[in-house]
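Written below as structure tokens is the structure these notes are about.
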Amino acid sequence: MPINLDSCIAGVFTPGNIGASSGLPPVEPVYISRPGAVMFEAASAAAVVSAWVTYTVAINETATAADAPSSTISVFAAAVVEAGTAADTVDATVTSAPVYATWDAGTVTAVTLSGGDLVAANTGTTSTSQGAHVASAKGRTTGKYYFEVQWTTLGGGANLGFGIGTTASTYSAMGANATVGNMVFRNGNVYANGSIVGGLLGVQIAGNRVDVAVDLGARLIWFRGVSGFWNSTVNAANNPATGVGGVAIPAGTMVPFCTFGGSGGAANNVLTANFGASAFAHAVPSGFTSGWV
């Protein structure tokens, strides 16, 4: 009998349903489903299977320049490392540690150095050509600098002192009257470019420490002794931070100097400098660089 499949509900038709009541020969069971369902039929030797088989496959192909991405790919937590080139622009500032000055071993005369080239001891007696200075490469024409020098051992010599001079100044000229530069001597006198300024610090003894503040922009220098006052034993108004009471510095590229010898000179005087490599004994004036760099 005819079967209207569109009106059938999904089910199973067996020989008892079809054929036996119609007088027709029994048929094989047929499983019928609505569209989208699966229809099962018992196979026979003559049956032909007609079916679509779908496989899930991954196809890999080498990309070419003409390929166009069909989707957006997001990458998370990825690190990109690229070798630098000469054209790269640095977007950060690297600050190097300062290199502080020392006495220059290559330019000393009748002086031995120790303590990292910060301790200077003279080997001569009355010769005026004895001394040490910082290397010319550390010569400065601008900036504000602070350093300290200690009278470690005092023997004799009118030229025994320290300060700053030009890179062309000589030990004899600096030891005589600070030509060309500025010096404080063991008797406390301060000289500037060949002339005495005055007995600003008083007589010095072994163990005393003198602070030196140099303002090369204003071309002024200050010395501070045990009194605690700058360029004076009594005047508290003098102050490198405010520019008051400084002694004039002559023109030129300046470096720290020390000298020995002269009248009454003796060997083994010792001066110890601190150009900033270690902590200072006293406070650095406001606005000044801590050390000679």
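Just so it is clear, none of the values below were taken in a lab; they were calculated from the coordinates. From a predicted model like this one, the values you see are computed outputs, not experimental measurements. Positions of Cβ are generated from backbone atoms using ideal geometry, with glycine treated the same way; all protein chains shown enter the neighbour counts.
How do 103-113, 234-244, 256-266, 217-227 rank on mean C-beta neighbours within 10 Å, highest first?
Values: 103-113: 17.0, 234-244: 14.7, 256-266: 23.5, 217-227: 19.2.
Top to bottom by mean Cβ count within 10 Å: 256-266, 217-227, 103-113, 234-244.
Relative contact order for segment 176-291: what percent, with Cα pairs under 8 Å and sequence separation of 6 or more? Relative contact order of segment 176-291: 17 percent. Multiplying the residue separation of ALA251 and THR233 by 0.36 nm and removing their Cα-Cα distance gives an extension gain of 3.7 nm.
With a simple spin-label model that places each label point 7 Å from the Cα along the Cα-to-Cβ direction, the separation between ASN187 and SER263 comes to 0.7 nm. A simple spin-label model places pseudo-atoms 7 Å from Cα toward Cβ; at ALA279 and SER96 they are separated by 2.8 nm. What whole-number distance in Å separates the alpha-carbon centres of segment 180-209 and segment 219-293? Their Cα centres are 10 Å away from one another. As a proxy for reagent exposure, ARG209, ARG186 were ordered by neighbouring Cβ count within 10 angstrom, fewest first; the result is ARG209, ARG186.
Rounded, prolate or oblate: which one fits segment 107-201, using the alpha carbon gyration tensor with axes a ≥ b ≥ c (rounded when a/c is under 1.5, else prolate when a/b beats b/c, else oblate)? Cα axes put segment 107-201 in the rounded bin. Peptides 153-166, 127-140 ranked from most to least packed by the mean count of surrounding Cβ atoms within 10 Å: 153-166, 127-140.
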